[in-house]
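The values are calculated or read from the model by the stated rules, or taken from the named source; none is laboratory data. Remember, it's a predicted structure, so these values are computed and weren't measured experimentally. Positions of Cβ are backbone-derived with ideal geometry, glycine not excepted, and every protein chain shown enters the neighbour counts.
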Amino acid sequence: MSSDPLLPRRASVEVLRAEAADELQALQIERLRAGEDPWDFMEDLPTVDELVVFTLRAEHIEADGGLRPTHARNQRLLRQIAAQYPELSRAVWRMLGAENTHRRWDAVVRVIGDA
């Protein structure tokens, strides 16, 4: 367990993954109904485990007063999630290793200008 009071263990990974899979499926259906081509958007969507990590990260940010974390705090928070939920370690390390990605939802994406 984590000693950080902002990181209480919320649920089992199986429950978190089931919730994330439902959310991801709803998002896919919404985009398909809007007429988007799956070839254009499927690669941009997070995996189930990435969505779980982002959900946990968002809950921790909210518990910390909603302040956007610094780069160092974000890195520490992701590492704490990996320690608390070892099953999500692979997704966390992938996210930590991505310096800058093309996906707008990513924690490390940098938007330059009005793109």
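Pull up the range 80-115, narrow it to residues that are assigned to a loop (DSSP other than H, G, I, E, B), under 17 Å from Val52 (Cβ atoms) and in contact with a Lys or Arg (Cβ under 9 Å, 6 or more places away or on another chain), then point me to the one that is modelled with the highest pLDDT. Write out each step before concluding.
Applying the first criterion (assigned to a loop (DSSP other than H, G, I, E, B)) to the range 80-115 yields 85, 98-115.
If we keep only those that are under 17 Å from Val52 (Cβ atoms) too, we end up with 85, 98, 103, 105-107.
Checking the rest, the ones that are also in contact with a Lys or Arg (Cβ under 9 Å, 6 or more places away or on another chain) come to 85, 107.
Numbers: Tyr85: 93, Ala107: 54.
Result: Tyr85.
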Can you tell me which residue within the range 78-99, out of those that are without any contact (Cβ under 8 Å) to a residue 24 or more places away in the chain and closer than 25 Å to Glu14 by Cα, is surrounded by the most Cβ atoms within 10 Å (Cβ to Cβ)? Ala82
Return the residues of the range 1-49 that are under 15 Å from Ala83 (Cα atoms), at pLDDT 85 or above and among the acidic types (Asp, Glu); say none if nothing qualifies. Asp49
Could you tell me whether the range 33-47 includes any residue that is more than 15 Å from the chain's Cα centre (by Cα), part of a helix (DSSP H, G or I) and among the basic types (Lys, Arg)? yes
Could you give me the residue pairs with C-beta distances under 9 Å whose first residue belongs to the range 7-19 and is surrounded by 13 or more Cβ atoms within 10 Å (Cβ to Cβ), whose second residue is modelled with pLDDT of 80 or more and not in a helix (DSSP H, G or I) wherever it lies, and which are 6+ apart or on separate chains? Val13/Tyr85; Leu16/Tyr85
